[in-house]
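Here the structure comes first, spelled out in structure tokens, and everything after it is commentary.
The values are calculated or read from the model by the stated rules, or taken from the named source; none is laboratory data. Computed from a predicted structure; not experimentally measured. Reconstructed Cβ throughout: ideal geometry from the backbone, glycine too, with neighbour counts over all protein chains shown.
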Amino acid sequence: MSSNIRVITIAALFSCLFPGGLFAPSGLFAQTPADWVDPLIDTHESRWFYFNSASRPFGLVNLSPDTQTKGSWKSGYLYGDKSIRCFSHIHAWQLSGIPVMPIVGEMTGHQGMDVYQSEFSHDEETVEAGFHKVRLQKYDVTAELTSTVRTGFHRYTFPSTKDAYVLFDVGAVLAHGPTVEAEVSKISDREIAGMSLMGATSRRRKDTPVYFVAQFSQPFTAMGGWRDGKLEDVSGAIKGKDIGAYVRFETESETPVLMKVGISYTSIEGARKNIQAELPHWEFDQVATESKDAWNTRLSKIKIEGGTDAQKTKFYTDLWRSMLGRRIVSDADGTYCDMTTNERRVLNAPVDDEGNPVFNMHNFDAWWGSHWSLDILWPLVCPDVYSDICNTSVQMYENGGLIPRGPSGGNYTYVMIGDSAAPAITSAYAKGIRDFDYERALEGLVKNTGPNGGRYYGGYAEKPTPSVYKEYQEKGYVSWGNPLKGGHGNAVTSLTLYNAYHDWCIAQMAKDLGKNDIYEQFVSGAKNYRHVIWPEKQSAWVRESEGSWMKNFKPREMRFEQNGFCETSAAVTTFYVPHDPMGLAELLGGADAAAEKLNEQFEGSVEDRFHLRGRIHGNALVDYANQDGTGMAHYFNRIGYPWLSQKWVRAVQKATFSGSDPYSGYNGDEDQGQMGALSALMAIGLFQFDGGSGIDPKYDITAPIFDKVTLQLSSKYYGGSTVTIVTKNQAPDNVYIQSATWNGEPLNTCWISHNDLVQGGVLELTLGNEPNKSWGK
């Protein structure tokens, strides 16, 4: 029996003893939020940055085993694999680095991972938030992993032997591509240091170094290395392409070897300082406990009561996922690597009066679709980190002249298309997260919409496409035959819809700041979605250059993405008008016609569980396996049909996101916490169809799956202390809201203002199994 199964069994027993809530009386056998997290959920087809175990919230280091080490997809830790190839320290957006492996007996490091990898069993494995333990069967080595924010901490229990090794395969191919060169140097008989230069990729276009310092709890007896697959005498250092190094120990089975690996993107000295700042001792169990405590501090921002064990597991795993992928990249002292210009620079984040960094710099995939996930959840559970990421964006604007769409290792990456930083930053501002230079942020967002701005870079392009900018300015849409340079270049209708929404977001922030000239400039662009919705067809469509609608166009195609659309279909994208749902309804024949059309699409997607396997997004009617479709069920709320939002939100949450085993749970591209955040929001019954970027942002309300949800609000940003959502008549079939009160007063709308919510209070919902079509309409 695996340790994970043991935890679930204890949880089941606990629920029988204390069915009323998540926490036992007086803490007896209490399950903390971190105890409910299961990192193994949906790991059968991992993406490089997907699997995490020995990691802190948003940690620079996320140390974990790798069963596959080549490629960005189906790489990292895959549940069905039988062997571990290495333990590596970085699993991030376009970043990887520093693979290590403990072995015993013959030195085989130079023969590569195919040779020195070891079989393992899930029955001899413990996987938790912040901790991983596994036995390497080939070597009879028990490896335990935990971390601080910037340092990986290993504990290896070797058998008694004179030939225990730790390999540093720093020149190996790891994830996104080859290592250009690497180096390892002996500092003392307890410390080595080095660097791996990650080769540029089509997304991260500059070679990017990652530095490390490894310190050991006991002296090693020898150091060696290899080059081009052959062992090499190493007097004190080895450097070059296709190189690696090892250290050897004499071990006793009762005395583990401990290893601290500090990581930095700035320098070896930066890596050493990170160890000094975060891990000055050798108490492994203490660090593992502190890592769990760090997760509990974050996860306990939402306390749930009621629900099944599976629902609790999935909810806290969702919440955990939402705070993983957008990783810190600056050192403990605030230094960071900047590559926004032609030269690599090591710069410093601003510091406070005591010399401490004011914020951490972050690495992240594009904001594409985050207006329906992270932009909503983060202000409620981690507004401080949201602030850091806004500060990161402004800092990169200062450094390189553009607000980043998806930075990696200090590089601009231009991942996806559009201007998705706009709703991310404007949503933070709208919710009172303003401890960043929002005036400069607005300036940068406006610049991003210009001819040389980030908006007009196709996915991963090196240059913007001036002709697309010109046509959009002249016509208010982008036509077929005028593609962006780069990936998703033909997604002209999607780009038009994105631009319209992002123009609205910028206009709202400008209006609130009293910048009426900017407001007037962008508010008109918010209507441009009307140019690509064909009322006669009740659908988004593609325009030809002379203005006609494309002939022989089908709103669905059996392909990854339909021509004109970005990783989706016209059927899905028709409802991508977050900022003007009633305006869209008018184009579709009125609210009744719009609701009928969308309801039919949901009815037609039940068998597919509201997503398509194989990433055939172009054929979707409803698509909760990719970002563009993840607001569809909430559209009903905004056009007078809230009971249909209640029905379909619960149906999607159950069919698409309720899985809690290694073979289900997310069913698609879980882009650095976005699907986790969406699933968590559905579970607690809060959402924001417009992404929360309006001057008075509102939360759409649907029925939570729990009896009681308590949100702990940040005193730094909000006036209230807690928000409590209580459900009456909770039952699996009771998905419809019959009535509601807010702080004891009747609430007759299907939304609540953010400004009211964050003052604290109690939202009470009475549920039933039949819709009350008069409530919330």
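Pull up region 43-57, narrow it to residues that are buried (at least 24 other Cβ atoms within 10 Å of the Cβ), modelled with pLDDT of 95 or more and touching a helix residue (DSSP H, G or I) at 6+ places or on another chain (Cβ under 9 Å), then point me to the one that is nearest to SER118 (Cα to Cα).
Result: ALA54.
Please go through region 63-77 and pick out each residue that is within 22 Å of LYS260 (Cβ to Cβ) and hydrophobic (A, V, I, L, M, F, W, C).
Within region 63-77, LEU63 is the sole residue that qualifies.
How many residues, within region 747-775, are touching a strand residue (DSSP E or B) at 6+ places or on another chain (Cβ under 8 Å), part of a loop (DSSP other than H, G, I, E, B) and not polar (S, T, N, Q)? Lay out the reasoning, then the answer.
Keep residues of region 747-775 that are touching a strand residue (DSSP E or B) at 6+ places or on another chain (Cβ under 8 Å), which gives 747-754, 756-758, 760-772, 775.
Going one step further and asking which of them are part of a loop (DSSP other than H, G, I, E, B), we end up with 747-748, 750, 758, 760, 769-772, 775.
Remaining after also requiring not polar (S, T, N, Q): 747, 750, 758, 760, 770-771, 775.
Total meeting the criteria: 7.
Restricting attention to region 136-165, which residues are charged (D, E, K, R) and under 30 Å from the mean Cα position of the chain (by Cα)? Break it down stepwise before answering.
Step one: filter region 136-165 for residues charged (D, E, K, R), giving 138, 140, 144, 150, 155, 162-163.
GLU144, ARG150, ARG155 - these are the residues of region 136-165 that are charged (D, E, K, R) and under 30 Å from the mean Cα position of the chain (by Cα).
Suppose we filter THR313, THR297, THR340, THR317 for residues that are on the phi < 0 side of the Ramachandran plot and more than 21 Å from the chain's Cα centre (by Cα); which single one remains?
THR340
Considering only residues that are more than 25 Å from ALA172 (Cα to Cα) and among the acidic types (Asp, Glu), look in region 110-135 and name the one that is nearest to the chain's Cα centre (by Cα).
Applying the filter and picking the extreme gives GLU128.
Could you tell me which residue of region 730-746 is nearest to the chain's Cα centre (by Cα), considering only residues that are in a loop (DSSP other than H, G, I, E, B) and within 14 Å of PRO771 (Cα to Cα)?
VAL735
So that you can scan it fast, the table gives a plain yes or no per residue for (1) β-branched (Val, Ile, Thr); (2) surrounded by fewer than 17 Cβ atoms within 10 Å (Cβ to Cβ); (3) outside any helix (DSSP H, G or I); (4) under 26 Å from the mean Cα position of the chain (by Cα):
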site	(1), (2), (3), (4)
LEU584	no, no, no, no
LYS597	no, no, no, no
GLU600	no, yes, no, no
GLU607	no, yes, yes, no
GLY618	no, no, no, yes
VAL622	yes, no, yes, yes
ALA625	no, no, yes, yes
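Would you please name the residue that is modelled with the highest pLDDT, looking only at residues in region 22-41 that are assigned to a loop (DSSP other than H, G, I, E, B) and either assigned by TED's automatic domain parsing to the domain that holds ILE263 or surrounded by fewer than 16 Cβ atoms within 10 Å (Cβ to Cβ) (or both)? Break it down stepwise before answering.
Within region 22-41, the first condition is being assigned to a loop (DSSP other than H, G, I, E, B), and the residues that meet it are 22-24, 28-32, 37-41.
Adding the requirement that they be either assigned by TED's automatic domain parsing to the domain that holds ILE263 or surrounded by fewer than 16 Cβ atoms within 10 Å (Cβ to Cβ) (or both) leaves 24, 28-30.
Values: ALA24: 38, LEU28: 43, PHE29: 52, ALA30: 69.
The extreme case among them is ALA30.
For region 676-691, does any single residue satisfy the condition of being out of contact with any Phe, Trp or Tyr (no Cβ under 9 Å at 6 or more places or on another chain) and farther than 30 Å from ALA310 by Cα?
So far as region 676-691 goes, no, none of its residues is out of contact with any Phe, Trp or Tyr (no Cβ under 9 Å at 6 or more places or on another chain) and farther than 30 Å from ALA310 by Cα.
Let me confirm something: among TYR717, TYR736, which residue is aromatic (Phe, Trp, Tyr), touching a strand residue (DSSP E or B) at 6+ places or on another chain (Cβ under 6 Å) and more than 18 Å from GLY629 (Cβ to Cβ)?
Just one listed residue meets the conditions, TYR736.
Write out, first by first residue and then by second, each pair whose Cβ atoms fall under 6 Å of each other, whose residues are 6+ apart or on separate chains, and whose first residue, in region 628-657, is in contact (Cβ under 8 Å) with a residue 24 or more places away in the chain and buried (at least 24 other Cβ atoms within 10 Å of the Cβ) while the second is outside any helix (DSSP H, G or I) and among the acidic types (Asp, Glu).
Between residues of region 628-657 that are in contact (Cβ under 8 Å) with a residue 24 or more places away in the chain and buried (at least 24 other Cβ atoms within 10 Å of the Cβ) and residues that are outside any helix (DSSP H, G or I) and among the acidic types (Asp, Glu), the close pairs are GLY629/ASP623; HIS634/ASP700; ASN637/ASP700.
Could you check, for region 627-640, whether at least one of its residues is part of a helix (DSSP H, G or I), of a type in the set (A, V, I, L, M) and within 19 Å of the chain's Cα centre (by Cα)?
For region 627-640, residues part of a helix (DSSP H, G or I), of a type in the set (A, V, I, L, M) and within 19 Å of the chain's Cα centre (by Cα): absent.
Yes or no: ASP690 assigned to a loop (DSSP other than H, G, I, E, B) and either surrounded by fewer than 16 Cβ atoms within 10 Å (Cβ to Cβ) or at pLDDT 95 or above (or both)?
yes
Within region 527-582, track down each residue that is of a type in the set (Phe, Trp, Tyr), surrounded by fewer than 17 Cβ atoms within 10 Å (Cβ to Cβ) and in a loop (DSSP other than H, G, I, E, B). It would help to see each step written out before you state the result.
Residues of region 527-582 of a type in the set (Phe, Trp, Tyr): 529, 534, 541, 549, 553, 560, 565, 575-576.
If we keep only those that are surrounded by fewer than 17 Cβ atoms within 10 Å (Cβ to Cβ) as well, we get 549, 560.
If the condition is that a residue be of a type in the set (Phe, Trp, Tyr), surrounded by fewer than 17 Cβ atoms within 10 Å (Cβ to Cβ) and in a loop (DSSP other than H, G, I, E, B), then PHE560 is the only one that fits.
Sort out which residues of region 469-506 are surrounded by fewer than 24 Cβ atoms within 10 Å (Cβ to Cβ) and among the hydrophobic types (A, V, I, L, M, F, W, C), and write them in order of number.
TRP480, the sole residue that qualifies.
Considering only region 296-320, state which residues are of a type in the set (A, V, I, L, M, F, W, C) and either within 18 Å of ASP707 (Cβ to Cβ) or without any contact (Cβ under 8 Å) to a residue 40 or more places away in the chain (or both).
ILE302, ILE304, ALA310, PHE315, LEU319
Assuming ILE243 fulfils every condition listed in (1) at pLDDT 95 or above; (2) within 20 Å of THR151 (Cα to Cα); (3) among the hydrophobic types (A, V, I, L, M, F, W, C) apart from one, which condition is it?
It is condition (2) that ILE243 fails.
When you look at TYR397, is it hydroxyl-bearing (Ser, Thr, Tyr) and in contact with a strand residue (DSSP E or B) (Cβ under 7 Å, 6 or more places away or on another chain), yes or no?
Taking the combined requirement at face value, the residue does not satisfy it.
Among the residues of region 232-249, which ones are under 36 Å from the mean Cα position of the chain (by Cα), at negative phi and either outside the structural domain of SER188 (by TED's automatic domain parsing) or assigned to a strand (DSSP E or B) (or both)?
Correct list: LYS239, ILE243, GLY244, ALA245, TYR246, VAL247.
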